[in-house]
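What follows is one structure encoded as C-alpha cells, with my remarks underneath.
The values are calculated or read from the model by the stated rules, or taken from the named source; none is laboratory data. Note that the structure is predicted; figures quoted are calculated from it, not measured. All Cβ positions, even for glycine, are placed from backbone atoms using ideal geometry, and neighbour counts span all protein chains on display.
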C-alpha cells in the first residue's frame, strides 16, 4: 500500500530532482511508444537527444540551431514565469508574439527601402511596445472589470492570428511578390535584418535578448523588492496584501513584461530566422513557452536550460521523424509526455511517499 | 503506412551513423509536407506521389518525408537536415516554403530542389504547379447545369491568385450554361480547418446555395452538405485535391484531383540519369497533373457528357477556360473576343471577372 504524506515544506532536493526524473520517465514511456510503433526505441531516443549534438553529419548545423529555436522560447517563458509566480496567468503569449512581429515589421516596411541601420532598433522597440499593448488588453479588462485574464489573453491569440492572415495578404503584402501572400523578406534587407552575429553559432539578437532577460529576471526575483512582491503574491496573496502589495499594479506589470518580451521574440524572429510576415508565421512558441516555463520551475536559469532541452526535442524530433519515419504526431506526443511527467512527479516535491500500511495514529 | 519493421529501423540507425560517408548508389529523395499525410487532401496527394516513386523505382530509390512542417524557419531547418542526410532531390510541397527552399538551395548546390506552387527558380531549384483552374471550368459547367436555386456557394481559402483564378474559372463556366447563376463566396482564411469549413458550408446552404464548391482541403463541407440534403433539397459538392469519393454519388458528384505522381516519377528519374535541369512548369489536365474525379450517376447523362467534352477539349488544347470576351468586375475589358489569357496575368490574377459580386478581401 502506497500512501502520500504532505511535507511541511516542499522538499528542496525534489524541487531540483523532479525535472531530471521527468525527463527520465519521458524517455522510458516515449521509448515504449516508439517500440509500439515498430521503431527501434534506442535509435529513436538516440536520434532525438544525441545526434543533434554530437553526430558528425548533423551536429555542426544542429547545435547552432538549438539557440535559434530556444531563443524565442526562453525569451517568452522568462516573462511568463514572472506572471505565473505572481498568480497572473498570461496564456496568450502567442498573440503578443504575433502582434510584436506585425507592429515591428509594419514600421520597418513603412520605411522601405531606406538604407540606415537605425531602422532595426526602431522596429525592435515598436515590436516590444506592440506585444506590451496587446497584453494590456487582458490587464486592463482584469483590473477594471475583473475579467479572467486566462480567457481574454487566450482568445486574443485567435484575433491576432486573423490579423496576421489579413496583413499577410493585405497591407503588408510584398508589392513585388506577384500577388502571393507574405511580406517582403526583412532578413534580406540590411536595414531591418537580424543576422547571425557570429557565423555558424546561431547567435542572433533575439538569443542575446533572451539571455539578458534571464539575467534581469534572476536579479529582479532575488534582489529586488518587486521580485519579492511577485513571489509573495503568488505564495501568500493575503500576506501580500498586508505587506502593501497592490494587486492591480502587479497584474499590469506582469502582463506588461511578458507581453513586451513576447513581442520582442516576435520581432526578432520575423527579422531573422523567419524573414517575413506570412499567413502561418506563428508556429506555437507562445504556447510551448508555457511548458518551458514550468519545465524550468519558473526559475530564470531553469527556463534557460528547459528552453534548450525543448529545442533539442524539436530538432532531434525532426531528425527522428524523417530518418526513422516516426510520425510527427508521435514526436508531439513525446513532447507532451515531458510536461505530463513533470507535473505528475511534482507530487514528490510536496508529498512524501510512504510504502506499507499507514499507522493508525499517524 | 509504417512499413518498416523493428529490424529495419535498427538497420536504418546503423546506416545513419555511417551513412554520411558511405557510398551508396541509391537516389535519396526527400519530401517536405505542410500537413499530416492523412489530411485527405493536399498533403495526402503528395504522399501518394511519393509512394508512386517508391513503387516505380523500388530499391534504386530511398525516400524520406517530414509531415506538418511549419512554413518559415522550421522548414529551412528540416530541408537543411534532409540535405545533410544525403538527399539528392527534395520536393518542398507548399507555397510558404519558397524562400526557405531558395536559402537552403544556395547552401547545397549539389542537391536539387523542386518547389510547388511558387515562382522562384535557381540553378538547382525548379518549380512546379498545376492548372487547377482547368478542373474548375469542368466543375463550373456541372454546377451551373445542376443548380436549381441558381445560387452556388464557394468556400475560398486565401485571396491569392490561385484561389481567385479558380473562382473566376468556375463562375465563367457556370454562367455560360446558366446566365441566372449567382456566386456567394466565403473566405475561410485557412487551408484546412474542418470546423470552420463546415460552418462556412452551413452558412452558404442556409443562404440558399444548393451547390458548394470548396478550395479548402477537408471533407467537412461534404459532410455538412450530406447532412443538409435530407428534406427534398439536394446539395451537391465536389472533392477538392483528393477524390473524396467516400461522399459519392451524392453529395459529391465529381472532384478535382491533384495527381503529382507522374511528375515526381519523371523528375526522380531525371536525377537518376543525370538529366535534371531547373525549370518552371505549370501542368494541367493534358499532362495528367489535374485529374477530374469520376462524375457520379447523380449527374444527368447529357451534363456528364458535356463535362467530359470540356475536359477533353482542354486536354487537347482546343479550349481555354479564359477565352474572351471577358470583362473585369468593374466592367473594363480584360480579354477581347476570341483572345485567351496569358499565363502571366493568370499567375498574378487579383481581380474578379464581371458578374461576380463582393470584393476580394484585403
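Some values worked out for this structure:
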| item | result |
| --- | --- |
| Of all residues in the stretch B:69-84 being more than 7 Å from chain A (Cβ to nearest Cβ) and surrounded by 23 or more Cβ atoms within 10 Å (Cβ to Cβ), the one that is farthest from residue B:107 (Cα to Cα) | B:69 |
| Some residue of the stretch A:254-276 being surrounded by fewer than 21 Cβ atoms within 10 Å (Cβ to Cβ) and at pLDDT 90 or above | yes |
| Residue match in the stretch A:263-273 (condition: touching a helix residue (DSSP H, G or I) at 6+ places or on another chain (Cβ under 8 Å), within 11 Å of residue A:79 (Cβ to Cβ) and within 14 Å of chain B (Cβ to nearest Cβ)) | yes |
| Residue list for the stretch A:141-162, filter: surrounded by fewer than 16 Cβ atoms within 10 Å (Cβ to Cβ) and either within 23 Å of residue A:289 (Cβ to Cβ) or in contact (Cβ under 8 Å) with a residue 12 or more places away in the chain (or both) | A:147, A:148, A:150, A:151, A:155, A:158, A:159, A:162 |
| Of all residues making up the stretch A:113-172, the number that are part of a loop (DSSP other than H, G, I, E, B) and within 30 Å of residue A:247 (Cβ to Cβ) | 3 |
| Verdict on residue B:292 being more than 14 Å from every other protein chain (Cβ to nearest Cβ), at pLDDT below 95 and in contact with a helix residue (DSSP H, G or I) (Cβ under 7 Å, 6 or more places away or on another chain) | yes |
| Number of positions in the stretch B:123-151 that are farther than 30 Å from residue B:84 by Cβ, touching a strand residue (DSSP E or B) at 6+ places or on another chain (Cβ under 7 Å) and assigned to a loop (DSSP other than H, G, I, E, B) | 3 |
| Of all residues making up the stretch B:245-255, the number that are surrounded by 24 or more Cβ atoms within 10 Å (Cβ to Cβ) and in contact with a helix residue (DSSP H, G or I) (Cβ under 7 Å, 6 or more places away or on another chain) | 4 |
| Test set (1) in a loop (DSSP other than H, G, I, E, B); (2) on the phi < 0 side of the Ramachandran plot; (3) more than 14 Å from chain B (Cβ to nearest Cβ); (4) surrounded by fewer than 23 Cβ atoms within 10 Å (Cβ to Cβ) - residue A:192 fails condition number | (4) |
| Evaluation of residue A:77 against (1) more than 14 Å from every other protein chain (Cβ to nearest Cβ); (2) over 24 Å from residue A:281 (Cα atoms); (3) crowded, with 17+ Cβ neighbours inside 10 Å (one fails), failing number | (2) |
| Of all residues in the stretch A:29-59 being assigned to a helix (DSSP H, G or I) and surrounded by fewer than 14 Cβ atoms within 10 Å (Cβ to Cβ), the one that is farthest from the other protein chains (Cβ to nearest Cβ) | A:32 |
| Per-region count, the stretch B:84-107, residues assigned to a loop (DSSP other than H, G, I, E, B) and farther than 13 Å from residue B:126 by Cα | 5 |
| Residue match in the stretch A:308-320 (condition: farther than 30 Å from residue B:158 by Cα and more than 14 Å from every other protein chain (Cβ to nearest Cβ)) | yes |
| So residue A:255, is it within 16 Å of residue A:86 (Cα to Cα), away from every other protein chain (no Cβ under 14 Å), under 20 Å from the mean Cα position of the chain (by Cα) and not in a loop (DSSP other than H, G, I, E, B) | yes |
| Members of the stretch B:195-209 found to be more than 10 Å from residue B:224 (Cα to Cα) and buried (at least 17 other Cβ atoms within 10 Å of the Cβ), listed by number | B:196, B:204, B:209 |
| Condition broken by residue B:168, with the remaining ones in (1) surrounded by 22 or more Cβ atoms within 10 Å (Cβ to Cβ); (2) in contact with a strand residue (DSSP E or B) (Cβ under 7 Å, 6 or more places away or on another chain); (3) within 14 Å of chain A (Cβ to nearest Cβ); (4) under 28 Å from residue B:37 (Cα atoms) satisfied | (4) |
| Filter result (more than 14 Å from every other protein chain (Cβ to nearest Cβ) and crowded, with 21+ Cβ neighbours inside 10 Å) within the stretch B:50-60 | B:53 |
| Of all residues making up the stretch B:111-122, the number that are assigned to a loop (DSSP other than H, G, I, E, B) and at pLDDT 95 or above | 1 |
| Selected residue (only one of B:195, B:169 is in contact with a helix residue (DSSP H, G or I) (Cβ under 9 Å, 6 or more places away or on another chain), under 21 Å from residue B:349 (Cβ atoms) and assigned by TED's automatic domain parsing to the domain that holds residue B:234) | B:169 |
| Options A:127, A:79: the member that is under 13 Å from residue A:290 (Cβ atoms) and touching a residue at least 60 places away in the same chain (Cβ under 8 Å) | A:79 |
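Here's the yes/no breakdown for (1) within 18 Å of the chain's Cα centre (by Cα); (2) closer than 28 Å to residue B:211 by Cα; (3) outside any loop (DSSP other than H, G, I, E, B):
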site	(1), (2), (3)
B:257	yes, yes, yes
B:263	yes, no, yes
B:267	no, no, yes
B:271	no, no, yes
B:285	yes, yes, no
B:292	yes, yes, yes
B:312	no, yes, yes
B:319	no, yes, no
B:337	no, no, no
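So that you can scan it fast, the table gives a plain yes or no per residue for (1) modelled with pLDDT of 50 or more; (2) within 18 Å of residue A:319 (Cβ to Cβ):
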site: B:19; (1), (2): no, yes
site: B:22; (1), (2): no, yes
site: B:26; (1), (2): yes, no
site: B:29; (1), (2): yes, yes
site: B:32; (1), (2): yes, yes
site: B:35; (1), (2): yes, no
site: B:49; (1), (2): yes, no
